Amino acid sequence: MRDRVDVLIVGAGASGAAVAWRLSEAGIGVLCLEQGGWVAPETYPTTRADWELHRQTDFHPDPNVRGLPADYPVNTAASPIDPLMYNAVGGSTIHWSGHFPRFRPSDFRVRSLDGVADDWPLSYADLEPFFDVNDRMMGVAGLPGDPAYPPKSPRQTPPIPIGRLGHTIVGGFEKLGWHWWPSDSAILTAPYDGRRACNNCGPCDVGCPVGAKASTDITYWPKALARGARLETGARVREITVSADGRADGVVYHDRQGRVHEQKARIVVLAANGVGTPRLLLNSTSGRFPHGLANDTGLVGKNLMFHPYALARGLFDERLEGHRGPNGCAIISQEFYETDRARGFVRGYSFQVTRGLNPIGTANGGLSAQRVPWGARHRAAYDARFDHTITIAVVGDDLPEAHNRVELDGTLTDADGIPAPRIVYTLSENSRKLLDHGLARADDVLRAAGAREVASTPLLRTAGWHLMGTARMGTDPRRSVVDPYGRCHDVPNLYIVDGSILITGGAVNPTSTIQALALRIADRIARNARTL
Amino acid sequence: MPEIFGPAERELLTVVLDRLVPAGRGFPAAGALGIGAYLEQVAATTPAARRLFVEGLREIAMAGFTALTGDEQDAVLERLERDRPAFFEVLVRQTYSGYYSHPAVLALLGEDRPPQPHGHPLDPFANGLVDRVRRSPFTYRRP
């Protein structure tokens with residue numbers, strides 16, 4: 001067994017990497033255990049002719065489809081949305097599309113403003129310095145001056161180009177007089193920090209061999225390792241162990257051969273995402289914590305939020321060159337972000353205008369799964385769609401509901417025999433109304449832009465990119481799992497820094513906000529290092 | 001490559017694929033293009049996939065598929081789509097996947113170059129496009 005380490009981090013993804021960097025900068029000893037491995041950028045499939053097949057198999061975002069040795073299965077039978085993740089150094093930033101919006105000021109005050117869920121114990125202003133540090137570390141393409149946000153610090157590179165597809169949909173937004181803006185994206189449009197600029201190849205979601213898209217294996221990790229942080233891959237944590245006084249004192253983990261190891265630590269930090277973290281806590285039972293670690297309230301795993309997604313796809317006569325440019329992002333609209341009770345629901349949504357579908361995606365419908373008909377009608381239907389569609393994703397705010405949850409499955413386990421998570425999620429009435437409103441407005445803007453036909457997908461199944469809320473933050477130990485600095489109320493040297501601690505979901509991609517929170521927590525740990 | 005299908009099944013599959021994606025507008029039919037070999041690879045991935053394909057093809061064969069007219073073949077496939085949706089969805093989706101990743105089809109679509117290493121040229125974002133929005137008042141609520 002290795003010597004006891006100062007800080008042990010579980011998970012090397014978006015938040016774990018940020019914490020490892022901040023703590024190692026402060027001279028604190030860090031060991032991170034990651035169940036996946038390093039993914040060599042040259043193995044990303046985009047240089048190969050059959051690259052799109054990999055998106056459906058070994059590079060699929062759903063671990064149940066991918067089934068790689070680093071993955072663990074997830075029982076999703078009781079959820080209309082499948083959780084997506086990637087297990088590797090860099091975590092799901094290997095796979096993400098680089099959307100980098102921040103939560104908006106109102107997202108931290110939903111109880112005061114809208115009478116729902118809970119206010120956060122911190123504000124946008126509290127997080128702003130950490131947003132800025134994180135932006136510099138990840139590298140953000142964007143344009144200052146968006147009236148949907150308080151003024152932001154300069155973006156690291158100019159906005160991503162929007163192409164013909166973007167210009168077409170902008171025509172619709174301009175006609176209606178609605179808000180839109182080029183998406184803040186963690187994708188470089190110019191060289192920055194030793195990394196190269198994006199060459200607009202398209203499919204960010206199967207990995208960026210250029211290194212323009214920020215994934216933490218190429219942003220935070222090289223810097224953290226240079227400062228002495230240690231990272232062990234192929235290390236799947238089975239449970240967090242506790243000492244007689246009820247403090248976390250280390251972990252038990254399996255290596256790639258399944259051998260069991262123990263590692264002691266003064267502080268344990270969980271960065272295993274909104275599904276992996278509650279799974280690990282629930283699997284860590286002891287005499288002191290019979291219902292799982294830090295779970296005296298029974299709140300661990302509860303209040304799962306995903307961001308329900310709906311899609312509207314407009315069909316246009318002209319070719320849109322939609323395969324050019326980062327596929328997840330072109331522009332964002334927050335016209336319907338804030339609450340307007342006249343709409344019949346609270347909170348709101350963002351529109352994300354994504355790029356076009358590739359050849360297989362066109363045939364099989366992409367995420368919407370609405371495939372082109374087979375038979376005599378196939379050729380004409382395919383040709384009418386290929387490079388003739390604009391897809392708008394409606395990203396709904398997600399509010400915490402205790403019955404939406406991650407629990408342990410009674411029988412399903414991973415390859416090491418560790419109980420697997422089971423997801424239970426029901427779409428709320430508020431979310432349904434919100435998405436329906438969004439689909440109707442998306443229809444408006446697509447038609448205003450010239451679409452001759454609009455098809456919609458009311459709820460996307462392969463859309464659980466955002467795993468949030470399952471170990472919520474708060475000041476009241478009876479109503480939350482961690483305090484405002486990510487420290488478990490029940491276990492004073494156990495911290496959680498991933499999406500689990502989010503109190504509400506906002507209506508934007510959460511990575512930027514999760515990482516800013518993680519940096520804020522790491523800052524606190526570093527400041528108190530002497531009392532470790 | 002493991003052999004999953006016999007000669008009769010391969011021949012049948014070719015005829016089926018030609019009905020699913022017929023030739024037209026200069027594009028080849030899926031069966032004639034050899035997409036059956038791709039499906040055989042898919043069927044070989046797991047025992048469950050193998051069973052799905054073997055049983056599905058057996059059912060099509062029992063309808064005397066190859067001796068039917070085109071319209072009658074379509075009717076058999078429509079019935080299969082209704083009665084054996086699990087098999088039929090896999091059959092169609094995998095046929096599309098094989099077909100639309102085939103070099104000959106990608107060339108016809110003008111997509112014969114993989115995304116990397118060349119990428120695509122795109123004009124930089126023209127900042128003036130946002131002038132109207134930029135002039136509008138702040139839209140976020142100040143809590």
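Values quoted throughout were computed directly from the atomic coordinates according to the rules given, and no laboratory measurement underlies them. As the structure is a computational prediction, the values presented were derived from the model and not from experiment. Here the Cβ is made from the backbone with ideal geometry for all residues, glycine too, and neighbour counts use every protein chain on show.
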- Query: Is there any pair linking a residue in region A:370-389 that is without any contact (Cβ under 8 Å) to a residue 24 or more places away in the chain and more than 7 Å from chain B (Cβ to nearest Cβ) to one that is part of a loop (DSSP other than H, G, I, E, B) and surrounded by 18 or more Cβ atoms within 10 Å (Cβ to Cβ), with Cβ under 7 Å and at least six apart or on different chains, and which?
  - Reply: A:A381/A:V372; A:Y382/A:V372
- Of all residues in region B:1-23, count the ones that are more than 19 Å from the chain's Cα centre (by Cα) and outside any helix (DSSP H, G or I). 6
- Message: Suppose we filter B:V76, B:V54, B:V92 for residues that are in a helix (DSSP H, G or I), within 8 Å of chain A (Cβ to nearest Cβ) and closer than 26 Å to B:A32 by Cα; which single one remains?
- Response: B:V92
- Query: Hey, among A:R66, A:R55, which residue is without any contact (Cβ under 8 Å) to a residue 40 or more places away in the chain and either closer than 28 Å to A:N327 by Cα or under 22 Å from the mean Cα position of the chain (by Cα) (or both)?
  - Reply: A:R66
- Item | Residues (within 14 Å of another protein chain (Cβ to nearest Cβ), surrounded by fewer than 19 Cβ atoms within 10 Å (Cβ to Cβ), in a loop (DSSP other than H, G, I, E, B) and under 21 Å from the mean Cα position of the chain (by Cα)) located in region A:23-52 | none
- Of the residues in region A:333-350, those that are over 22 Å from the mean Cα position of the chain (by Cα) and within 12 Å of chain B (Cβ to nearest Cβ) number 3
- Query: Does region B:109-122 contain at least one residue that is crowded, with 18+ Cβ neighbours inside 10 Å and outside any loop (DSSP other than H, G, I, E, B)?
  - Reply: no
- Which pairs do you get when a residue that is within 11 Å of chain A (Cβ to nearest Cβ) and within 18 Å of B:E3 (Cα to Cα), found in region B:21-45, comes within reach of a residue that is part of a helix (DSSP H, G or I) and hydrophobic (A, V, I, L, M, F, W, C), reach meaning Cβ atoms under 8 angstrom, with the pair 6+ apart or on two chains? B:V42/B:A49; B:V42/B:F53; B:V42/B:V90
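Here's the yes/no breakdown for (1) within 16 Å of B:L33 (Cβ to Cβ); (2) under 17 Å from the mean Cα position of the chain (by Cα):
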| site | (1), (2) |
| --- | --- |
| B:L68 | no, no |
| B:D74 | no, no |
| B:R79 | no, no |
| B:R82 | no, no |
| B:A86 | no, yes |
| B:R93 | no, yes |
| B:G98 | yes, yes |
| B:H102 | yes, yes |
| B:L109 | yes, yes |
- Message: Among the residues that make up region A:127-135, is at least one of them within 11 Å of chain B (Cβ to nearest Cβ) and not in a loop (DSSP other than H, G, I, E, B)?
- Response: no
- Note on the structure: A careful count of residues in region A:97-118 that are surrounded by fewer than 18 Cβ atoms within 10 Å (Cβ to Cβ) and under 19 Å from A:D483 (Cβ atoms) gives 1
- Item | Matching entry among B:G26, B:G36, B:G64 (being more than 16 Å from A:A363 (Cβ to Cβ) and in contact with a Ser or Thr (Cβ under 7 Å, 6 or more places away or on another chain)) | B:G36
- Six or more apart or on different chains, Cβ under 6 Å: which pairs go from a residue in region A:430-441 that's more than 17 Å from A:V353 (Cβ to Cβ) to one that's surrounded by fewer than 24 Cβ atoms within 10 Å (Cβ to Cβ) and of a type outside the set (A, V, I, L, M, F, W, C)? Could you list them? A:K433/A:G344; A:H437/A:R343
- Task: Kindly indicate which of A:S185, A:S153, A:S215 is among the polar types (S, T, N, Q), under 14 Å from A:N327 (Cα atoms) and more than 10 Å from chain B (Cβ to nearest Cβ).
- Result: A:S185
- Message: I'd like the residue in region A:325-355 that is among the charged types (D, E, K, R) and buried (at least 24 other Cβ atoms within 10 Å of the Cβ) and, out of all such residues, is farthest from A:R104 (Cα to Cα).
- Response: A:R355
